[in-house]
Amino acid sequence: MGFLSSLCGCLEKKKRERDEGGEGEEVWDLFFEFQTLQVATNGFSEVNLLGHGGFGPVYKGLLPSGQEIAVKKLSLDSRQGLREFTNEVKLLLKVQHKNLVTLLGCCVEGTEKMLVYEYLPNKSLDNFIFDKNKSTLLDWSKRHVIITGLARGLLYLHEEGPERIIHRDIKASNILLDDQLRPKISDFGLARLFPGEDTHLNTFKISGTHGYMAPEYAMHGYLSVKSDVFSFEVLVLEIVSGRTLDHHFFH
């Protein structure tokens, strides 16, 4: 609990630094009160439920200012969710890119722990490419924009950001689409930070989605940027074909 509070303290510090920088842009308060989010989501009602993420339900919310938000609510009985919650806050504090989902803030009150993101109206990519009707909205030019945007987001995480980050769970359901169907990589709960000049590591804890995991990682625990590249290549094939691939082929 203390560690999570310190992470939220980092959010407040970042806000203060940006305010003092005099950038002249509107910066949202990065601390959200539980009551504010409860009202914004109509009491976390089923009507506002967008789906379930890696560590709990996700709700659509509306702030008094009129801004739409997405609220990830940590399931109270999820130990894995707590680790992913902490990991996601730490990593999203370090990155900012047009093809990565934007973290607006967090809420830690008692047993309640939530992350607040920008709301993306078209939800996730899998809702389009695997749906017979919606897939017609993605012509080749839009699919090219999506693939290019994902590549740029991964390049930022791997090479251009302040620190190298391996996402570890690139898949269609973790790619959100904005109102122009431009992609944003989301769900950093399983991501790993690579300090210094490290380019790979060996791990006994294999996390990710079967079928999207590179063979050397799934079978031997060898994790590198190439692990994300493999997942990206599988996703590109799904975007182009419009079908869920037979993932057993890759193993």
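Before moving on, here are some points about what is shown:
- Residue match in segment 104-113 (condition: in a strand (DSSP E or B), modelled with pLDDT under 95 and under 21 Å from Y156 (Cα atoms)): yes
- The set of residues from segment 141-167 being hydrophobic (A, V, I, L, M, F, W, C) and without any contact (Cβ under 8 Å) to a residue 40 or more places away in the chain comprises V145, L155.
- Matching residues, segment 168-190, being part of a loop (DSSP other than H, G, I, E, B) and at pLDDT 90 or above: R168, D169, I170, K171, D178, D179, Q180, L181, R182, S186
- Any hit, segment 239-247, residues being at pLDDT 90 or above, hydrophobic (A, V, I, L, M, F, W, C) and touching a strand residue (DSSP E or B) at 6+ places or on another chain (Cβ under 7 Å): no
- Of all residues in segment 126-138, those being of a type in the set (D, E, K, R), farther than 15 Å from P183 by Cα and surrounded by 10 or more Cβ atoms within 10 Å (Cβ to Cβ) number 2.
- Residue within segment 85-96 that is part of a helix (DSSP H, G or I), buried (at least 16 other Cβ atoms within 10 Å of the Cβ), at pLDDT 90 or above and not assigned by TED's automatic domain parsing to the domain that holds S186 present: no
The values are calculated or read from the model by the stated rules, or taken from the named source; none is laboratory data. Predicted model, so just to flag it, every value in this text is computed and none were measured. No Cβ is skipped: glycine too gets one built from the backbone with ideal geometry, and neighbour counts run over all protein chains shown.
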